[in-house]
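Worksheet: the structure to be examined is printed underneath.
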Amino acid sequence: MKVFLKKSEQSKLLAFVQLVLIYGLVFNPWTTFPYTFIFIIICVLLVTYWNDKAFHNIGLKTNRGILKTIGMSLLIFVSIAPIMDFIIQPLVNKLTGEITDYSAFQSIAHNASKYTKYLFYVIISASIGEEILFRGFVFRQLEIGLPDFKYKTVVIVLMSALLFSLPHIYQGLSGLIMTFIFGLIFAIIYIKTNFNLWVTMIVHGLIDIMFLTLAYFDGLGYYVLGNDLFFGY
């Protein structure tokens, strides 16, 4: 019994150490967007394979129907996008007294080459990289590292959303809160789809593609339409 207990404690410690080290790569000063998350993807896959000799524990399962996964992802996207853009975003703006800072993306407007480049970068870094790290890997590590208790899943959801939001602090308080809410939504989707990371990847990707497309057409004002239409400010 003592041998198994010791091994279990070592596994919990190892899970936290691996999580801290790989999460820390998000803030490393040596790589930049999108290479940071390319490096993180490689590290997560290597560590996961070393731990499990497979990738299903981070949601990369191969027994998922492609059409069903795509259909489910599209349905989720069209369901949550209007709610987030026209209700949640304006409420967050009202609460914080500021509008999310998207100035970093203004250079994409009417710039086809930069738009195409950023589409590729965002798909790799955000929809694939962020989902592998903040949903797949974070969930696996916290599930192993935390003791079993009644609200363990809730705590994992909250922690994963918090870790997801912190790298987006450059978007201001409003952007930070919105990213945290999106983190909660992605985590809930991940759980409700029986830990199917392909779904969260597609939904995340669609949200980012929509954002970049609006940026290309100089239409980021879309995200403040709800302020005037529904909330009168």
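The values are calculated or read from the model by the stated rules, or taken from the named source; none is laboratory data. Just so it is clear, the structure is predicted and the values come from calculations on it, not from any experiment. All Cβ positions, glycine included, derive from the backbone under ideal geometry; neighbour counts span all protein chains shown.
Remarks
- Looking across the stretch 93-152 at every residue that is without any contact (Cβ under 8 Å) to a residue 40 or more places away in the chain and basic (Lys, Arg), the one that is nearest to Val26 (Cα to Cα) is identified as Lys117.
- Checking Ser107, Ser174, Ser79 one by one, the residue that is of a type in the set (Ser, Thr, Tyr), modelled with pLDDT of 95 or more and either under 20 Å from the mean Cα position of the chain (by Cα) or more than 29 Å from Leu60 (Cβ to Cβ) (or both) is Ser79 and no other.
- Residue within the stretch 212-233 that is surrounded by 15 or more Cβ atoms within 10 Å (Cβ to Cβ), under 24 Å from Gly24 (Cα atoms), in contact (Cβ under 8 Å) with a residue 12 or more places away in the chain and not basic (Lys, Arg) present: no
- Of the residues making up the stretch 55-81, just one is touching a Ser or Thr at 6+ places or on another chain (Cβ under 8 Å), on the phi < 0 side of the Ramachandran plot and part of a loop (DSSP other than H, G, I, E, B), namely Phe55.
- In the stretch 37-50, the count of residues that are free of Cβ contacts under 8 Å to residues at least 60 places away in the same chain and more than 24 Å from Pro167 (Cβ to Cβ) is one or more.
- Annotation: Leu74 fulfils all but one of (1) of a type outside the set (Asp, Glu); (2) over 30 Å from Gly226 (Cβ atoms); (3) surrounded by 12 or more Cβ atoms within 10 Å (Cβ to Cβ); the unmet one is (2).
- Scanning the stretch 86-143 for residues being under 19 Å from Leu162 (Cβ atoms) and buried (at least 17 other Cβ atoms within 10 Å of the Cβ) gives a total of 18.
- Condition check for Tyr222 on (1) under 23 Å from Phe120 (Cα atoms); (2) not in a helix (DSSP H, G or I): one failure, at (2).
- The residue that is nearest to the chain's Cα centre (by Cα), counting only those in the stretch 47-72 that are within 18 Å of Phe139 (Cβ to Cβ) and among the aliphatic types (A, V, I, L, M), is Ile58.
- Phe182 being among the aromatic types (Phe, Trp, Tyr), in a helix (DSSP H, G or I) and farther than 22 Å from Phe77 by Cβ: no
- Failed item in (1) free of Cβ contacts under 8 Å to residues at least 60 places away in the same chain; (2) closer than 20 Å to Pro147 by Cα; (3) more than 20 Å from the chain's Cα centre (by Cα), with Val20 passing the rest: (3)
- Leu214 vs. criteria touching a Leu at 6+ places or on another chain (Cβ under 6 Å) and part of a helix (DSSP H, G or I): yes
- When Tyr35 is tested against (1) within 18 Å of the chain's Cα centre (by Cα); (2) crowded, with 16+ Cβ neighbours inside 10 Å; (3) of a type outside the set (Val, Ile, Thr), only condition (2) is not met.
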